[in-house]
Each structure stands twice: as C-alpha cells, then as structure tokens.
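As structure tokens, the structure follows; a few thoughts come after it.
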Amino acid sequence: MSMGRRLPVYLLLDTSGSMSGEPIEAVRQGIKALLSDLMSEPTARETVYLSVITFSSSAQQIVPLTELMSFQEPSLDANGSTAFGDALKVLEQCMDREVVKATSTTQKGDWKPLVFIMTDGQPTDSWESVADHIKQKKLGNVIACAAGPGADENMLKKVTELVVKLNSLQPEALKAFFKWVSDSIKTTSQSVAQVAADTPIGLPKPDPNNMIIVL
Amino acid sequence: MNTEKATLKDGRTIEFVHDQPRSGTMKEVYFTPDRKSVVCFYKDPCAGSDANRLQRLQMILGAYNPTLPQSHGGAAQNDIEADYYRKLFCWPTGIVVQPRFGLVTPAYPSNFFFPTGPVWLKGEEKNGMWFIGPKNRKWFEKNQPSELGSLIQHFSLCLQIARAVARLHNAGLAHSDLSHNNVLIDPSKGMSIIIDIDSLVVEGLFPPDVLGTKGYIAPEVLSTIQLDLKDPKRKNPNARTDQHALAAFFYWYLLGRHPLDGRRIPPGNTAEEQDLLAFGSQAIFCEHPSDSSNRPEEKQYVPCSALGPLLYDLFIRAFVKSLHSPSDRPTALEWVRGFVKTWDLLIPCSNSSCLHKWFVFHNSTDIRCPFCGTRFKGTIPFLKLRAESRPGQWAMDGQLAVYNQLPIFKWHIYSRVFPSPETDRTRQAYCVFHEGKWFLVNEKLTSLTSPGGNRVPPGQAVELKDGAQIRFSQEHNGRIAEVQMIRS
Ligand SMILES: [Zn+2]
C-alpha cells in the first residue's frame, strides 16, 4: 500500500472506420463515465494514472499517462483501417517510457500496469510478434475485449489469456464494458492479490447480458 | 416508486425501492422507501446455501449483537448501551431469504455522506481514504477544509473506533477487515461508524473469509499469504491482526503517512514483490528508534511523539516491539485509555488558520504546535491529578492541561470513574482565564475544597496558582489537583 506507487492504466481503443457513428460515440460516453466513476473513488484518485492510445490506420498515444485529477477527455474520430500491431508497439514504447520500474533507485516503482484493449475487427497490419512479446514478458495485466460480431477473440488470445467478448457494438454493451473496466480498476487498486506477486488479478464478474469471458 | 417485497428469515417482510442499486464488491444495496434502512443482496448466488455463513449471521444478529439489549436476545446490558453502540456500528438487523439471500442494515447516518462539493464528491460516502490519501487531503485543505475537522475531532473519532473494536474483542469477536473502507469517518463532527459487520470472525468457531485490506493486513498474514488456505502455518485475520489494523489506521490518519511506508525498498523485481516484503516479513516502522533505514520520504514530518507520551508508547509497542510478535500488540482498550488520557493534554493552537486547531501539550519552555509550528505564548495551568491509592498516599494518576473554557467531568474528579457509554457526561466545573488570572469555576461539585481548606460551593471559583492543591471532592476516590503554572 505504498502511497508513492502508481497504478498505470492504458486504454487501447480501436477507432477504425467500422467504429464510426454510434459505436465511437458510445466509447466517448464510456470514457466519460469511467472517469467520473473513478473520480468518486478516493483510492483510485490517489493511485490511478490513465493513458489512452487509439489505433486506426496507425496508432498514437492521444493522452499520455496522467493522474485522474488532470485527465482531459480526448476527442475521438473513427476512420481508416485497424493497425493493431502498431497499437501494441506504441503501447510497449509508452510503458517503457512512462512506467517506473521496480529497479529504479530514485523512486518507488509503479504497480503492474492494467491494459484494456478494445477492438471490433481484424488487424490490417502484422501484429503476431509484438503480441507474443507482450504476452511473454508479462508487461502488464492485459484484458482484451472483442467488441461486436466482427471481432476475433482467438486473435486476442495471442496477446492475453483474459479476453471478454461483447455481443454487439450497441451503446448498452459498450456502456457495460466501460462500467466493468471501471470496476476492474477499482478492484485492482484495492486488491490484496496485487501485493502477492504474479497471482492473477481478480476481476469483478462482467455483466452476463452484455459480456462473456473467453478464457 | 417501484417497490418490491423482501421476506426475512424470521418471517417479517420489508419493502425496498427497486431502482439502480449502489453496488459494492460483495453486495447490491437497495434503500427502503423511508431510506432509514438498506436491503443488501449478496452477489454470490451461493451465499445463502452456505450453512456456516447463515449460522454466523444468526449469531451476529442475536447473541453477539451489542446494539440489541439482552432482553431482546442481544448482547447489550441495557438500552443505554445498545443505543450507544448503535451509533458506532452499522449492525445488521435482519437476514433476507426472499427474493435472494441478503441482509437488512440501518442506512448510514447522513453525516457520513459529503453534503456539498463537486459532482464527483457530493453524496459520496466518507471513506477514510478521502482523509488519509495525500492527494485527497490536499484537495480538502484547499477547497473544503471544514470537512477535515480539528485534532480534537480526530481524537474523538479514533476513540470511537477504539471503543467499538474493544467491544467486539471483549465479546470474543474479531472484525477481520478493519480499514478505511469499512470504517466511515466524519472528521467534521468527530464521528465514526464501523460498517460491513457481516464478515465478523468468531475465534475458533467461524473463520475469516477475507484477508483484509492493503495497508492494514498484519505482517504475519502477508508473509504467509502464499500458503494453502488449509495450511496450519498460514496466519489468518483474528483479534491480533485487528489490533495491527487499528494501530495502522490511527497512525496513518493522525499523522498522514503509513507507519510502514518509508523510503526503504526491499529487494524484488516488481513493486508487488517489494511491497509484500515491506508490509510483510521485512516490515520496519518508519520511526523505528534504532533502525533509520525506513524513514518517511518527507524531509519534515510530525513524529508520533507529538501525540503525547501515552500514544507514543502505544505506537512504539505496535510497530516496534510487537510488529512481528502479535501477542504483545496494544489492545483496543489500551487505545481507548490512551486517547482518553491524552485528550486531557489537548490545548488550542494560537494560530487561527492552523488546520489541526489543537495539539498535545508537552511540558517544556518552548511550547509549539507541531502541525503548524506556531509557538504558544502565555501561561498554562498544568494540573497533576492525584488519587489516594492507600490511606494517606496520593499517587499521580492523571494530568490536565488547562485552557480557557476547559470542561471538567466526573472522570477527572473521581479516580475510579472512566468515561464509558453509561457515564454521566454533565459538566461538573470549568476553567476560565479572567482579568489575567486562571480560575476553576464550580458548577456541580458538592465538596470542592480550596488550598486553604475552604469549601467552594457551586457558582463560586477558586484561583489556579502555582503550587496550589485543590481537592475536587471529599468523597471516596475524590482527586486532588496540584497546580503548576507553565510559562512559554
Ligand atoms: Zn497549529
């Protein structure tokens, strides 16, 4: 419970063309709700740092790792293809740069980052080797969400063991997903499992009407 | 209002408002239409079929229940005691069997929710992390300082927590998960309430179903966390681990830093591994008297000795002598005594913008508020309270630092009176500073006696002068106050 340690949270969001319209608006609302939910949670306010990486034809970190109180909601546009591999590369670079390692001698290291990946389609670039790398090196607790009928959960299983599937891209489903992300962050920032190294993090049960866990 | 009916185990029914529930980690919470109670349903669908849990809940609601008089099947000696503990605990009042398994508990009193503030704050529960987290604290200091309360209110709520836990332990119960999440605090009123009573541990009868909360888990529990649940070497939450959590909460809350969270970083490849050691097998008190390796990160910090010798001793015992030997930890009752006795040393800070407003008097020529650094200038009458331990032998058993309008109660007057739920809390006398002199003004005392041996009837006063001996009462156990005037 060292107060000097941060819980970095990365959101990797698919903003390809297929997300345009209602789905991207629901994602925007989802981030808003996530933020307001976490802002009301005193432990999250102390420890959670949030970053947003979006990917379409290429990937970019649109919000660097920022403490909750200073977090500004990003503007999101959906167009282009699904550069999933690029997104994973950007994630790895950002974590490398922003996450304080436990070996730091000047500062207490950060908790293991929590990474939420959401995609609704098939990657349009090469992604396998970087996915493999992230999974092998256990760079963070990665939770991937296959959103809607076009998403490929088997592909996501190459990045992480923990995959949830959204039945649709309807606003209700995305809302439920972001609520679950928020609950997961809150649970992780409090959990005892986090003090026991390498035990899998215990996540809250997802809403069965909208989400299925694929393990 | 869309209401539904729930059926209780004892056959009663209760209505609840079926709208969006407040959701905890274990339960979903619905209000009753009058908002005086809540109906909580366990999220775990198997909760109701757990015979052990059911039996435990029945005991908690009945024989172990300090908020229910014995005449009604509870554990409170009488209605006064039951009423008193009802303010300190949010104790369940019913077991729900239909439509799902759950509990009925009183709703938290409204002062445990933030009445005003930005949208992310207004209406939220006063979880302790709002007040101990450095970022949250800073926000309140700047934007809503009235929520932070003064040191006297901090003492008041700590005392209530200590009393509540002492009551549990006295009955053979352990809370098992004391933390800022399960103790709501209202520093602005100096109040606290213990919630989530349903996971109480009855030693030897009902084992714990939680490990505790980060920051409060005892070192022996953390250092055996990897062992199998059934391994006899594994240490589980009990009254001794409650004692650790209690001390950790008091230190963290009163001094704004965790007692084990210093600059030392134990070996480990990850933050998780390092903290498992830092709060477990390699835990070291950040104010350890002879091992300075884990000092707080801040260069300037208020040491726990600023809270007076009694609380200092308790902290040293909790975090040095018995950090790794649970059986010697200060009991909740010792904390109650520590806060009650130290309360008598609180004096107001002369800096009107001091956030703590009060500090613990220390007998020196340079009296300063440790929180804001302001020097106290003036005279303080310091009363050494003596009681007749054997005929003719008067031993010191209390101290009282006097400030203007200090109230004097029966537990100051008589050596065998200790403030408890049933103690008479009417003011007996008070001290005033009037035209450059200090006086003790009698209100209710029938045999207050001046240094010259004269009775001082109610409505009259006796001056507090250096060396004066004032007998509070001629009755049995009546104390003598010996005055020392301290100039700073
Ligand atoms: Zn001060």
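The values are calculated or read from the model by the stated rules, or taken from the named source; none is laboratory data. These numbers were taken from a predicted model, which means no experiment stands behind them. Ideal geometry is used to build each Cβ from the backbone, glycine not excepted, and the neighbour counts take in all protein chains shown. Areas reflect the complete protein model, heavy atoms only, side chains present, ligands, DNA and RNA absent. Shrake-Rupley method; radii C 1.70, N 1.55, O 1.52, S 1.80 Å.
Residue check: B:Asp44 meets all listed conditions (1) assigned to a helix (DSSP H, G or I); (2) open to solvent by 50 Å² or more (accessible area, probe 1.4 Å); (3) within 29 Å of A:Ser182 (Cα to Cα) but one, namely (1).
Between B:Thr423, B:Thr449, which is away from the ligand (no atom under 16 Å from the Cβ) and under 30 Å from B:Arg167 (Cβ atoms)? The unique qualifying residue is B:Thr423.
Restricted to region B:103-114, and to residues that are in contact with an Asp or Glu (Cβ under 8 Å, 6 or more places away or on another chain) and of a type outside the set (S, T, N, Q), which residue is farthest from the other protein chains (Cβ to nearest Cβ)? Selected residue: B:Leu103. Criterion first (more than 16 Å from the ligand (Cβ to nearest atom), at negative phi and more than 18 Å from the chain's Cα centre (by Cα)) does B:Ser322 satisfy it? Yes. In this structure, does B:Phe359 turn out to be within 16 Å of the ligand (Cβ to nearest atom), in contact with a Phe, Trp or Tyr (Cβ under 7 Å, 6 or more places away or on another chain) and not in a loop (DSSP other than H, G, I, E, B)? Here the answer is yes, as B:Phe359 does meet what is asked. Only one of the numbered conditions (1) touching a residue at least 24 places away in the same chain (Cβ under 8 Å); (2) in a helix (DSSP H, G or I); (3) within 11 Å of chain A (Cβ to nearest Cβ) is violated by B:Gly117, and that is (2).
Being basic (Lys, Arg), without any contact (Cβ under 8 Å) to a residue 24 or more places away in the chain and within 14 Å of chain A (Cβ to nearest Cβ) holds for only one residue in B:Lys122, B:Lys126, and it is B:Lys122. Taking the condition of being among the hydroxyl-bearing types (Ser, Thr, Tyr), open to solvent by 50 Å² or more (accessible area, probe 1.4 Å) and in contact with a helix residue (DSSP H, G or I) (Cβ under 9 Å, 6 or more places away or on another chain), how many residues in region A:59-106 meet it? Adding up the residues that qualify gives 1.
Within region B:440-488, the set of residues being touching an Asp or Glu at 6+ places or on another chain (Cβ under 7 Å) and β-branched (Val, Ile, Thr) comprises B:Val483 only. Evaluate region B:372-379: report whether one residue or more is at pLDDT 95 or above, within 9 Å of the ligand (Cβ to nearest atom) and out of contact with any strand residue (DSSP E or B) (no Cβ under 9 Å at 6 or more places or on another chain). Looking through region B:372-379, at least one residue is at pLDDT 95 or above, within 9 Å of the ligand (Cβ to nearest atom) and out of contact with any strand residue (DSSP E or B) (no Cβ under 9 Å at 6 or more places or on another chain). Every condition in (1) open to solvent by less than 40 Å² (accessible area, probe 1.4 Å); (2) without any contact (Cβ under 8 Å) to a residue 40 or more places away in the chain; (3) assigned to a helix (DSSP H, G or I) holds for A:Val142 except the one numbered (3).
Examine region A:171-183 for a residue that is over 16 Å from A:Asp14 (Cα atoms), surrounded by 17 or more Cβ atoms within 10 Å (Cβ to Cβ) and free of Cβ contacts under 8 Å to residues at least 24 places away in the same chain, and state whether such a residue exists. Walk me through how you get there before you give the answer.
Taking region A:171-183 and keeping what is over 16 Å from A:Asp14 (Cα atoms), we get A:172, A:176, A:179-180, A:182-183.
Right, trim to surrounded by 17 or more Cβ atoms within 10 Å (Cβ to Cβ) and you get A:176, A:179-180, A:182-183.
Remaining after also requiring free of Cβ contacts under 8 Å to residues at least 24 places away in the same chain: A:183.
Yes, region A:171-183 contains a residue that is over 16 Å from A:Asp14 (Cα atoms), surrounded by 17 or more Cβ atoms within 10 Å (Cβ to Cβ) and free of Cβ contacts under 8 Å to residues at least 24 places away in the same chain.
Output the residue which, of all residues in region B:326-352 that are of a type outside the set (S, T, N, Q) and open to solvent by 40 Å² or more (accessible area, probe 1.4 Å), is farthest from the ligand (Cβ to nearest atom). So that I can check it myself, show each step before the final result.
The initial filter retains those residues of region B:326-352 that are of a type outside the set (S, T, N, Q), namely B:326, B:328-330, B:332-341, B:343-349.
With the extra rule that they be open to solvent by 40 Å² or more (accessible area, probe 1.4 Å), the set shrinks to B:328, B:333-334, B:337, B:341, B:343, B:348.
Details: B:Asp328: 34, B:Leu333: 30, B:Glu334: 28, B:Arg337: 26, B:Lys341: 22, B:Trp343: 17, B:Pro348: 9 Å.
The selected residue is B:Asp328.
Would you confirm, using the coordinates I've provided, whether B:Ser156 is outside any helix (DSSP H, G or I) and within 18 Å of the chain's Cα centre (by Cα)? When the stated conditions are applied, B:Ser156 does not pass them.
Just one of the numbered conditions (1) within 16 Å of the ligand (Cβ to nearest atom); (2) modelled with pLDDT of 95 or more; (3) open to solvent by 30 Å² or more (accessible area, probe 1.4 Å) is not true of B:Lys437: (1).
In region B:1-30, the qualifying residues are those that are over 34 Å from the mean Cα position of the chain (by Cα) and basic (Lys, Arg), and the one that is surrounded by the most Cβ atoms within 10 Å (Cβ to Cβ) is B:Arg12.
Within region B:129-142, which residues are more than 11 Å from every other protein chain (Cβ to nearest Cβ) and free of Cβ contacts under 8 Å to residues at least 12 places away in the same chain? It would help to see each step written out before you state the result.
Our first condition is that a residue be more than 11 Å from every other protein chain (Cβ to nearest Cβ); within region B:129-142, this holds for B:141-142.
Matches in region B:129-142: B:Lys142 only.
A:Pro208 meets all of the listed conditions (1) of a type outside the set (S, T, N, Q); (2) modelled with pLDDT of 85 or more; (3) out of contact with any helix residue (DSSP H, G or I) (no Cβ under 7 Å at 6 or more places or on another chain); (4) surrounded by fewer than 19 Cβ atoms within 10 Å (Cβ to Cβ) but one, namely (2).
For (1) within 15 Å of the chain's Cα centre (by Cα); (2) outside any loop (DSSP other than H, G, I, E, B); (3) within 30 Å of A:Gly109 (Cβ to Cβ); (4) acidic (Asp, Glu), each residue gets a yes or a no:
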{"site": "A:Lys135", "(1), (2), (3), (4)": "yes, yes, yes, no"}
{"site": "A:Thr160", "(1), (2), (3), (4)": "yes, no, yes, no"}
{"site": "A:Ser168", "(1), (2), (3), (4)": "no, no, no, no"}
{"site": "A:Lys179", "(1), (2), (3), (4)": "yes, yes, yes, no"}
{"site": "A:Ser182", "(1), (2), (3), (4)": "yes, yes, yes, no"}
{"site": "A:Thr188", "(1), (2), (3), (4)": "yes, yes, yes, no"}
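The sole residue among B:Arg368, B:Arg337, B:Arg317, B:Arg329 that is in contact with a strand residue (DSSP E or B) (Cβ under 6 Å, 6 or more places away or on another chain) and not assigned by TED's automatic domain parsing to the domain that holds B:Val402 is B:Arg368.
The set of residues from region B:268-325 being open to solvent by 20 Å² or more (accessible area, probe 1.4 Å), part of a loop (DSSP other than H, G, I, E, B), away from chain A (no Cβ under 14 Å) and without any contact (Cβ under 8 Å) to a residue 12 or more places away in the chain comprises B:Ser290, B:Asp291, B:Lys299, B:Gln300, B:Ser325. The set of residues in region B:47-73 that are part of a helix (DSSP H, G or I) and open to solvent by 50 Å² or more (accessible area, probe 1.4 Å) comprises B:Ser49, B:Ala51, B:Asn52, B:Gln55, B:Gln58, B:Met59, B:Gln70, B:Ser71, B:His72. The set of residues in region B:457-486 being in a loop (DSSP other than H, G, I, E, B), under 32 Å from the mean Cα position of the chain (by Cα) and farther than 16 Å from B:Leu406 by Cα consists of B:Ser473, B:His476, B:Asn477, B:Arg479. Checking each residue in region B:74-93 for being crowded, with 20+ Cβ neighbours inside 10 Å and more than 22 Å from the chain's Cα centre (by Cα) picks out only B:Gly74.
The condition of being in a loop (DSSP other than H, G, I, E, B), away from chain A (no Cβ under 11 Å) and either hydrophobic (A, V, I, L, M, F, W, C) or under 28 Å from the mean Cα position of the chain (by Cα) (or both) holds for only one of B:Leu229, B:Leu211, that being B:Leu229.
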